[in-house]
1. Taking the Cα centre of the range 41-115 as the origin, how large is its charge dipole in debye, to the nearest 20, when only Lys and Arg (+1) and Asp and Glu (-1) carry charge on their Cβ atoms?
2. Please compute P(r) over all alpha-carbon pairs of the chain, binned at 5 Å starting from zero, and give each bin as a whole-number percent.
3. Binning at 10 angstrom from zero up to the longest distance, how are the C-alpha pair distances of the range 19-66 distributed in percent?
4. Based only on Cα atoms, what Rg/Rh ratio does the range 51-115 have, Rh being taken as Kirkwood's radius?
5. When only the heavy atoms of the protein chains count and the probe is 1.4 Å, how do E46, E88, E6 rank by accessible area, highest first?
6. Would you give the gap between the C-alpha center of the range 1-40 and the C-alpha center of the range 56-115, rounded to a whole Å?
Amino acid sequence: QVQLVESGGGLVQPGGSLRLSCAASGFIFSTYVMSWYRQAPGKERELVAQIGSGGSTDYADSVKGRFTISRDNDKNTLYLQMNSLKPEDTAVYYCNVKLGWTRYWGQGTQVTVSS
């Protein structure tokens, strides 16, 4: 079965950095678009970044120039390098893949940016 397990969240001061990881299993990781979403309290879940099977990337305007999405197809792992973090980046971050008509989500990892 499809499993997505996020890790790497935590508490960081404004201007700091974090690297999120998502370990994927149950599907052919290298052939699918992978995405990171986030959901802040009281807000809708939003797309943060996505990466195609060939490595093409796309980012939300709010994180361009600060976040970098990458993937290691040998390790079936998705990453999100987050630099210059701001308090408004505080959210639960989710790994996502769409297989056919079904979207799969991990359990999420909390990122809190606060002094």
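1. That gives a dipole near 100 debye.
2. Binned Cα distances yield the sequence 2, 12, 24, 26, 19, 10, 5, 1, 0.
3. 22, 49, 26, 3
4. Ratio value, two decimals: 0.98.
5. E88, E46, E6
6. First find each Cα centre; the distance between them is then 5 Å.
The values are calculated or read from the model by the stated rules, or taken from the named source; none is laboratory data. Just so it is clear, the structure is predicted and the values come from calculations on it, not from any experiment. Ideal geometry is used to build each Cβ from the backbone, glycine not excepted, and the neighbour counts take in all protein chains shown. Ligands, DNA and RNA are excluded from the accessible area calculation, which covers all protein heavy atoms including side chains. Shrake-Rupley method; radii C 1.70, N 1.55, O 1.52, S 1.80 Å.
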